[in-house]
Each structure stands twice: as C-alpha cells, then as structure tokens.
Amino acid sequence: MDQSIYYWLGFIGYSITVIGIGLAVYRKKKQKSNLQDTNEFWSAGKSLSGWSVGLSISASMMSVSWSCVYGVQLFYWYGLGGAWLLIIPWLLTMAGFFFLVPVFRKYNTFSQPELLEKRFGKLSRILLAPALVVVFLTWTGAEIFAAGNIIAPFLGISPQLTFLLIALVVAIYSYSGGFEAVVSTDKIQFVLVALFISAIAILGLNALPDLSVLTDLIPPKAPGNNHWLSPGLPLIAMTFIAYLPGWLIETDLWVRIQAAQSNREARKGVFIASFNSFLFVGIMPLITGLTALALFPAVDGIIPEKLNDGALIFTVIMQNYAPLWLSLILSIGLIAAAMSTIDTCGNIVALSLSRDLIEPGLTKKLSKKQLQKVARFSSVFAIMLAYIYALFTDNLWDIFYLSSGILTTTVFIPVCASFLKSVSKTEINIAIITGIISTFIFYFLEKNGFLSAFQPEAISTTGLGYIIWAFLSSLFVFLIVLSFNPKK
C-alpha cells in the first residue's frame, strides 16, 4: 500500500478535529444568542484566561515558517550565533510585553487601529489598518508556503495543491468560530507542535554517531567563525533594529493581551508564552539545526541540495530517521504548527479588513446579523488571499525582514505615541504615511544597489539598510511636525 495513504488519514483526521472545534464554538455562541455580536466574534468577549493567552501565543510563534524552517535554518547557517537573529530578540520582545501590559490595556480597545481612532479620529484608523493587512498577509502566506512545501512530499501531491487544502481547512473553522475558535484550536495545536518539535530534535540527536561531532561544525554562512557573534555585528544590530520596535507592538500578541480577563491574566499568559518560546523556538530548533549540520554538512559552503538551503531539514530528518508510525504522528504535529500560525495571522488580516476598515462604514446600513456575516466572510477572504500570495512566494528571509520592518517603520511610532498626551492626529497620520511609503522606496533602492553608494559598507552587506532609513524618515517627519504643531 502506498504510504501516503497514512499521511492522508492523519491530515483528514486532524482537519475534522479542528473544524469540529470551530463548529462547537459556533453552537455555543448560538445557544447564548451571540451570533449577531461582531465584538464577540473578534475578541471572544475579552474573557481569556492566562493559560489560554499563553498557549495561543506559544502555538502561533511555534510555526512551520518560524520555528520549523527559519529558526532551524539560522542555526544551520550560523551555528550558535543564529540565536541573535530570532530567539533572543523574541524573548526581549516578550519581556517588553510583560512589563507593558498595563499600558497597552489602558484605553480598553481591542485592535491598534481602534486605539488610534479613539485617540486621533477615524482617519488614523483607516491609515494604519492597511499596513497591518500587508504585514500579516505576508506572514500568513509565508506559513502556507512553508507548510505546503514540507507536507506535500508526504501526501504525494504538489505543494500548490497542499497550499489550497491547508487554506480551506483554516478558512472553514475561522469562519465558524472566529477568534475564539483560533484560540481554542491553538491549545491542541500547541501540544502537538511541542511534541513534534521535540521529537525532531531527539531524532537528530539519536542519529549522531557521537555528540562530540557537534564541537567541530562549520556553519556554511560563518566558516571558521562558529561562535556567539557568527552572523557579524552589523547583521545582528540591523536585525534588532528591524525586529524589536515592530515586535514590541506586534498585533497578534496585542489582541491576545487585550482579550485577557485582566492585567494579571495577560501577564501570566506572556510569561507562559516566554517559557514555551525559550524551549520550542530556541532550544529545540538549536538542537535540530546543529544536528542537521553534523548529519548533512555543507561542503565548501554549499548546502546539500536535498535540504533546499535548509528549508527542508525537518522533512529530511523525518524521512531518513523516523519509522512510518512516528513519521505519521509527526506529520500531524507539522500540520498543527502550520494551521496555528495561519489562523492567527489570517485573523489579524480579517480583523484589520473587516472590523477596522469595512464594518465602521456599514454599521448604520446593515443589521447586526448582516455585519456578522461580513466578519465571517472576511475571515475566509483573508485566508484565501494569503493562499494566492503563497503561490508567488519563494523566499522567507525577505518576507520576515520586510514585514517586520513595516511594523517598525509604520506601526511602532503611531501606536507608542498614542500614549503621549502631547501628540495630535496630524503627526500620527503623517508618520503612518511616511513610514509605509519610505519603506517601499528604500527597499527598492536597497535591492537595486542605489543605497550602497551612500551608506556604510557594514550596513550594505546586511541588505537591511532600507529599514533603518525608512524608520529614521518616519521619526524625523513625526518630530518635525510635532515641534511645529500647537500642543493640544
């Protein structure tokens, strides 16, 4: 019998489970007569416990694209120094969220565009929401792309068809259950993903002839420089600049702490997510990346073709070292990892499109029941839009830096400035416009070599100079307008 049939059974069984959870949430809301409440659909009634918040954040970050592909790639490429490019900035972000929970929950708003409208008016909300759509659409598409490419060989179908199947399942349970279904499925997804990531790390370790081989590794992108700073100080510094400001106001974390019952529960959730991130976004990918480097070493800096630049390390380890029964179980964990991030990021896309852009203009024109349908179909539309994006994706490096860069250049300043009494709508709106436009302008200039003549070589070698110039442009314009604008 074709072994792919077992993987199909696992995929179908898991899909039925998460769709069932979505339908259960739908029936519960129906019994409570909450089916016409769009606030309930988007925010789960702001009733989440700390454990729900923590496991939901954990499952979202323990994704195929971040933990299973990119995080492992970084440790394969750079050795121990790869930690500076993902897990260290992420843990610093979590620490920031922990201390800022009371501040972020101060205005009792759910989405960030909603916060801006409450402080500065409707135009600010309309300007910020598209930036969030762009960021989280790329992350959703990246997750579909990464998951499809890893899962497709086990199902025996093309990656493109796998993209579609994953998107359809997530769209169905997102439509039926909304944000509560996303959080509810995240709990089971966390358990499966944690087991999956741990099992892959153990398989890699068991395949080593001796643990001593881990001391003589030569990372392909840091030959002869296998230490904590192997990526180089310029790339580490640019990564912190690109990631930290934007991640500190990252919307998927933001909505989860807003949906918590209290500040105490929100902080509890952030602490739980931090611990899980340390283990499953840091330690386990580190073990997997280093064991893969020992098992499938790069020759003269050339990574073996079967690893696809490190993107298929999980797949190759499963195929080479896991028995069929274990490989089947692990494939379910892989699917769970994919869907947990796809539903989270897709939910933010739908939230920004529907709640922040479409619904405010329809409140007086449509009934609550009709608005609920708009919200549900927005969830489906967001996932299918991400599926289309995935069809044209081929590089996760650019996706993660550009999208995180937009959070830094366009979202960070307006959201943080919202908590300052002296700021008015004029500088907020101009900062948003300057941030998004300058990001794409400087990105174009960077990719076509125009910035290399003006910026230090250390910055040019990272390919990330566009982020710092766009951020400085947005900050400069914000401060200039603030200095001339009369204080309110």
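A few notes on this one:
- Residue in region 343-361 that is more than 25 Å from Val191 (Cα to Cα), of a type outside the set (Asp, Glu) and at pLDDT below 80 present: yes
- Counting only residues that are free of Cβ contacts under 8 Å to residues at least 40 places away in the same chain and either surrounded by 24 or more Cβ atoms within 10 Å (Cβ to Cβ) or part of a helix (DSSP H, G or I) (or both), region 238-278 holds 1 of them.
- Looking only at region 395-420, residues that are of a type in the set (A, V, I, L, M) and in a loop (DSSP other than H, G, I, E, B) come to 1 in all.
- Within the set Ala152, Ala167, the sole residue that is under 21 Å from Thr17 (Cα atoms) and modelled with pLDDT of 90 or more turns out to be Ala167.
- Here Tyr107 passes the criteria (1) more than 19 Å from the chain's Cα centre (by Cα); (2) at pLDDT 90 or above; (3) over 17 Å from Ile272 (Cβ atoms) except the one numbered (2).
- Boolean, Leu92 is surrounded by fewer than 24 Cβ atoms within 10 Å (Cβ to Cβ), within 26 Å of Val182 (Cβ to Cβ), touching a residue at least 24 places away in the same chain (Cβ under 8 Å) and not hydroxyl-bearing (Ser, Thr, Tyr): yes
- Close contacts from region 357-381, counting a first residue that is under 17 Å from Ser111 (Cα atoms) and a second that is at pLDDT below 75 and in a loop (DSSP other than H, G, I, E, B), with Cβ to Cβ under 9 Å and a gap of 6+ residues or different chains, come to Glu359/Leu366.
- Thr439 being crowded, with 23+ Cβ neighbours inside 10 Å and within 26 Å of the chain's Cα centre (by Cα): yes
- Leu402, sole failed condition from (1) touching a Pro at 6+ places or on another chain (Cβ under 7 Å); (2) outside the structural domain of Ile257 (by TED's automatic domain parsing): (1)
- Only one of the listed residues (Thr363, Thr434, Thr408, Thr426) is of a type outside the set (A, V, I, L, M) and under 18 Å from Asp252 (Cβ atoms). That residue is Thr408.
- Sole residue being in the same structural domain as Ser198 (by TED's automatic domain parsing), of a type in the set (Val, Ile, Thr) and at pLDDT 90 or above, chosen from Ile21, Ile57, Ile87: Ile87
- Whichever residue in region 1-18 is of a type outside the set (Asp, Glu) and not in a helix (DSSP H, G or I) and, among such residues, is modelled with the lowest pLDDT: Met1
- Pair list, Cβ < 6 Å and 6+ apart or interchain, from region 291-309 residues that are assigned by TED's automatic domain parsing to the domain that holds Cys68 and surrounded by 12 or more Cβ atoms within 10 Å (Cβ to Cβ) to residues that are aromatic (Phe, Trp, Tyr) and in a loop (DSSP other than H, G, I, E, B): Pro304/Phe296; Leu307/Phe296
- The condition of being of a type in the set (Gly, Ala, Ser) and under 26 Å from Asn347 (Cα atoms) holds for only one of Ala458, Ala431, that being Ala431.
- Within region 404-427, tally of residues that are of a type in the set (Ser, Thr, Tyr) and under 20 Å from Gly96 (Cα atoms): 5
- Among the numbered conditions (1) without any contact (Cβ under 8 Å) to a residue 24 or more places away in the chain; (2) part of a loop (DSSP other than H, G, I, E, B); (3) among the aliphatic types (A, V, I, L, M), the only one that Val423 does not meet is (1).
- Restricting region 355-370 to residues that are closer than 19 Å to Glu114 by Cα and either of a type in the set (A, V, I, L, M) or not assigned by TED's automatic domain parsing to the domain that holds Ile126 (or both), the residue that is surrounded by the fewest Cβ atoms within 10 Å (Cβ to Cβ): Leu362
- Output for region 451-475, where each listed residue is loosely packed, with under 13 Cβ neighbours inside 10 Å and either in contact with a helix residue (DSSP H, G or I) (Cβ under 8 Å, 6 or more places away or on another chain) or assigned to a helix (DSSP H, G or I) (or both): Ala453, Glu457
The values are calculated or read from the model by the stated rules, or taken from the named source; none is laboratory data. In this text the structure is predicted, and so the values were computed from the model without any measurement. Heads up, the Cβs are rebuilt from the backbone with ideal geometry, glycines too, and the neighbour counts pull from every protein chain shown.
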